[in-house]
Amino acid sequence: VQLVESGGGLVQPGGSLRLSCTNAGTPFRISSMGWYRQAPGKQRELVASITFNGIETYAEAVKGRFTISRDNAKTTIFLQMNSLKVDDTAVYFCQGVSLLQQNPYWGQGTQVTVSS
């Protein structure tokens, strides 16, 4: 399994970005996939997740601004981020949870910087 994120970058406050995460390695039986973020000096936190059955979960801080989605094959997920704020600045990580093992898979992370 090799989760690969893309789409990060520098954006002004109020702007939008779309992150993507796909598995470039061995397929795995997906229980859920999601996005986490980690800002400097802070713990990694859940941003949004989606289960195999399509149940979505969002952190309170991003509700109404971020939307998680996936492709029809359910192997690629996206995070549409609108109305970005300076506080959204962080490294965003893709996570994949397998039905067959306890430890999740992680991507390498992509930097999102919101600054004027």
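The values are calculated or read from the model by the stated rules, or taken from the named source; none is laboratory data. All figures in this text were calculated on a predicted structure; none of them were measured in a lab. Cβ atoms come from the backbone with ideal geometry, glycine included; neighbour counts cover every protein chain shown. For accessibility, only protein heavy atoms count, side chains too; no ligands or nucleic acids. Shrake-Rupley method; radii C 1.70, N 1.55, O 1.52, S 1.80 Å.
Details
- Listed residues 15, 25, 34, most fluctuating in the chain (Gaussian network, C-alpha, under 10 Å): 25
- Exposure ranking of 52, 66 by accessible area [1.4 Å probe, largest first]: 52, 66
- Accessible area ranking (1.4 Å probe, heavy atoms, ligands and nucleic acids excluded), largest first, for 50, 55: 55, 50.
- Over the chain, relative contact order from alpha-carbon pairs under 8 Å, at least 6 apart, %: 37
- Average accessible area per residue (Å²) across the chain - probe 1.4 Å, nucleic acids and ligands excluded: 55
- Portion, in percent, of the accessible area of the chain that falls on carbon or sulfur, probe 1.4 Å: 48
- Heavy-atom accessible area order for 37, 29, largest first, 1.4 Å probe: 29, 37
- Lys, Arg +1 and Asp, Glu -1 on Cβ, resulting dipole of the chain about Cα centre, debye, nearest 20: 60
- Each label point was placed 7 Å from the Cα along the Cα-to-Cβ direction; for residue 51 and residue 101 their separation is 2.3 nm.
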